[in-house]
Amino acid sequence: MFLSIDVITEDLAQEVNMADSFGLMIDKVTDISLIEQLVCFIQYVDRDGCQTIHFLYTADLLKESDAADAETIVKVIKEKLQNLGIDISKLRSLATDGAFVMTGKKNGVAALLRKEHQGIINIHCICHKLALACADTKTELKDIDLAQLTLIQLWKFFSKLFEKNCSLLESTRRYKQSKAESSRKMVAKRLKKACTTRWLSFDLSVQAVFEDYAAVLQILSQLIETSETTSGRNEERFTRWKVNYGQV
């Protein structure tokens, strides 16, 4: 397997070096073991004139450094490209999430790379910019803010009450069976948490509720009926207690 990966990487490096220029798309992530990783994709125009994007590598930023700062990131980028045999002088663009460590005017990653390789264009990822814009404007757009609050409340309600979550899954399964959907689609998805710091979670949360909307309404209706019945019984018991103890 590792031999195949090496061959693929070698072929990719040769293809990139044949292009006039290339760009990198990088981002810092923290994996499940809390290790700071640098994820890197490469973009270039191939021999057929088609825009091509490939995953390039992941690297542990703290393996030989005490901080995942701009200097460390630049060092890792240069070492990785050199080890892969990719000519860094053809680097023309750097797309990032717009964090200060990436875009700082004097000491950001793009600025440090530009000192050695003139002409590098610093690009703020459009998806991250859109997410930031939505986060800033949703306080003024009350409908969006209310929708996100509702999704969060639904997720908390079903996730904290496990038995109700099981009921949701069972109701979803029965509903989809009644609609004669394929067995592959009869597996119900759990509701997703909408989180402002994870900019894809809002979309996933909306999709999850949309796909199982009828089942969500069904289980909520059942819970309301159960609650009203229980409340009625408790009120009846309380009335009998007052009669028995001479309070009425």
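The values are calculated or read from the model by the stated rules, or taken from the named source; none is laboratory data. Bear in mind that the values here come from a model prediction, so they are computed numbers and not experimental data. Here the Cβ is made from the backbone with ideal geometry for all residues, glycine too, and neighbour counts use every protein chain on show. What goes into the accessible areas is simple: the full protein's heavy atoms, side chains included, and nothing from ligands, DNA or RNA. Shrake-Rupley method; radii C 1.70, N 1.55, O 1.52, S 1.80 Å.
The figures follow:
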| read-out | value |
| --- | --- |
| Of the criteria (1) surrounded by 14 or more Cβ atoms within 10 Å (Cβ to Cβ); (2) among the charged types (D, E, K, R); (3) free of Cβ contacts under 8 Å to residues at least 24 places away in the same chain; (4) under 23 Å from residue 9 (Cβ atoms), which one residue 63 fails | (1) |
| Odd one out for residue 49 among (1) over 20 Å from the mean Cα position of the chain (by Cα); (2) modelled with pLDDT of 90 or more; (3) open to solvent by 30 Å² or more (accessible area, probe 1.4 Å) | (2) |
| Residue list for region 70-86, filter: closer than 15 Å to residue 114 by Cα and touching a residue at least 12 places away in the same chain (Cβ under 8 Å) | 70, 71, 73, 74, 77 |
| Condition met for residue 19 (under 20 Å from residue 108 (Cα atoms) and among the small types (Gly, Ala, Ser)) | no |
| Selection from region 35-53 of residues that are touching a residue at least 24 places away in the same chain (Cβ under 8 Å) and either within 19 Å of residue 79 (Cβ to Cβ) or part of a loop (DSSP other than H, G, I, E, B) (or both) | 35, 36, 37, 38, 40, 42, 46, 47 |
